[in-house]
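Shown next, in structure tokens, is the structure this report addresses.
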Amino acid sequence: MAKKIIKKILDKTDIDEKMIAEYKENKPLYDMMLCYFKCYGGYVLAVGAGCTFSASLLWGTILLAAAGFWGWKVTCDCMPCKGGNTGACCR
């Protein structure tokens with residue numbers, strides 16, 4: 001039901017075409033932004049964990065674990081471990 005409503009709304013507008021055209025026009029910029037978010041998002045989570053520890057030990061620990069997992073995942077995607085590429089991420 002919700003998919004039909006969203007499809008009907010998008011069919012009435014050209015927002016999706018404009019978004020795709022904007023992305024294609026500025027593809028290198030958006031790709032660079034996504035790459036930096038992927039590479040440095042774990043640091044943002046780690047800082048958030050440090051700030052959250054004073055308010056809630058549980059949420060601070062959850063954010064710290066998420067930052068560690070993010071760092072491990074990005075490292076393995078950018079390094080030869082687990083069949084990743086050879087370090088060509090975020091050049």
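Any read-out appearing in this document is the output of simple, stated calculations on the displayed coordinates, not a laboratory observation. Note that this is a predicted model, so its numbers are computed, not measured. Backbone-built Cβ (ideal geometry, glycine too); neighbour counts: all protein chains shown.
Taking a point 7 Å out from the Cα of ALA66 in the direction of its Cβ, the residues of the stretch 29-46 whose backbone N falls within less than 18 Å of it are 37-46. Subtracting the Cα-Cα distance of ASP11 and SER54 from 0.36 nm times their residue separation leaves 10.6 nm of extension gain.
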